[in-house]
Amino acid sequence: MKRFFIALTLTAALLSLCSCHRSEKKGKTGEQQVDTVMTDNKWRSVDPLDINMNPVENFAKDWMALAVGGEKSYNSMTIAWGAIGQLWNKPVVIVFVSEDRYTKRLMDRNDCFTVTGFPQSKACRDALLYIGSHSQKDEPDKTANAGLHVEFTPSGNPTFAEGCLAIECRKIYSDAFDLDLVPEEIAEGMYSQMGVHSFYIGEIIGAWEKR
């Protein structure tokens, strides 16, 4: 049996980015594109113990997309920081969001979130770069403009049709970093240029891999 382990990667700089899929229904400008609920013929459910990933590589090298919200209002960002493992006898994912990010408002407001991994392709990389350099707050059609499509889990949480791994989490703890406890070189370096990060610990309540 594969062991479920914790791996935490904190890269030298955070790459924050964002995105979304349903049946090609495009609304007026300013309306988010709504696509389809995940279907069994494309996705297969997996036990958290059997998630096939290398967390350090998936977060730091390949990047993953964090998404939160529902059909009426959702947002996403690409993350290069993250951890996956076990806490309080629960399988968990930990993500980090700067107070500067629009996504943080939705993370604080919603009970659940997803992280999505993508195939290694130029199209996916370009899409993640696009959503990382554009804000959903200023560009409501950001997801569609990036060429991404949001699908929703059976519980109604957003993930991506272009993804190959989707992990759905229920928030069980969150807090902001205390700058008095952060290493001095980080507090005076990184956090002199950006807002402090909050971390969100989510119990894994669903996981799917592309067939």
Expected output is a single nm value to one decimal: the length gained when fully extending between Ile186 and Asp111, i.e. 0.36 nm times separation in residues minus the C-alpha distance. What is it? 24.0 nm
Going by the alpha-carbon gyration tensor, a ≥ b ≥ c the square roots of its eigenvalues, is segment 123-211 rounded (a/c under 1.5) or, if a/c is not under 1.5, prolate (a/b greater than b/c) versus oblate? oblate
Under the classification rounded if a/c is under 1.5, otherwise prolate if a/b is larger than b/c and oblate if not, where does segment 49-98 fall, given a ≥ b ≥ c as square roots of the Cα gyration tensor eigenvalues? oblate
Once you've got the Cα coordinates, tell me which of Lys90/Lys137; Lys142/Lys210; Lys137/Lys210; Lys104/Lys142; Lys42/Lys137 are over 27 Å apart. Lys90/Lys137; Lys137/Lys210; Lys42/Lys137
Rounded, prolate or oblate: which fits segment 165-211 when a ≥ b ≥ c are the square roots of the eigenvalues of the alpha-carbon gyration tensor, with rounded for a/c under 1.5 and prolate only if a/b beats b/c? prolate
Which of the aspartates and glutamates could a cross-linker bridge to Lys122, judged by Cα under 16 Å and excluding same-chain residues fewer than eight apart? Asp62, Glu162
Over segment 86-211, what is the mean sequence separation of C-alpha contacts under 8 Å (at least six apart), divided by residue count, expressed as relative contact order in percent? 38
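Values quoted throughout were computed directly from the atomic coordinates according to the rules given, and no laboratory measurement underlies them. Keep in mind the model is a prediction, meaning the values are calculated, not measured.
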